[in-house]
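The values are calculated or read from the model by the stated rules, or taken from the named source; none is laboratory data. All of these numbers come straight from a predicted model, not from anything done at the bench. Note that each Cβ is placed from the backbone with ideal geometry, even for glycine, and that neighbours are counted across all protein chains shown.
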Amino acid sequence: MKKSPSTNGANGRDSSGRFMPGNPGGPGNPYAQQVAAWRGVLVNTVKASDIKMVVQRLVKAAKNGESWAVRELLDRTLGKTLTTGIESYDEPTPEEIIDPELVERVIVNAARRIQERRGKEKLATVVTSE
């Protein structure tokens, strides 16, 4: 037996629960106008030179080894890191970083572990050659 959706009284829906033409919708976000006003003040107050100064301080803090600044800078420039599910990662030494074959092996092994964890049967690798 198919039940019909509850009409909940005269709420602007038809017998199948869909909104009828002319339905005004919900009340919306009660704070939207206030937030828009705050954003307007921020946009009208902050200059490009202010943003440049803040970014320069962030870069300086990252260069000085502040981990929060490194994380913020990389998140904002490269995007937030994805959770891969890899429990361990052997960080390469500076000498290993410049070895392109080792870098490729590390990437392929990490991709293989990710796909194995996700239950993939095949590993597709894209190797770019210069």
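For Glu72, are the conditions met, namely being part of a helix (DSSP H, G or I) and modelled with pLDDT under 75?
On the way: part of a helix (DSSP H, G or I): yes; modelled with pLDDT under 75: no.
In short, no.
Between a residue in region 104-127 that is of a type in the set (Lys, Arg) and any residue that is modelled with pLDDT under 65, which pairs come within a Cβ distance under 7 Å, given they are 6 or more apart or on different chains? Pairs found: Arg112/Leu123; Arg113/Ile86; Arg117/Gly85. For region 83-98, the criterion of being of a type in the set (Asp, Glu), surrounded by 10 or more Cβ atoms within 10 Å (Cβ to Cβ), at pLDDT 75 or above and over 24 Å from the mean Cα position of the chain (by Cα) is met by none of the residues.
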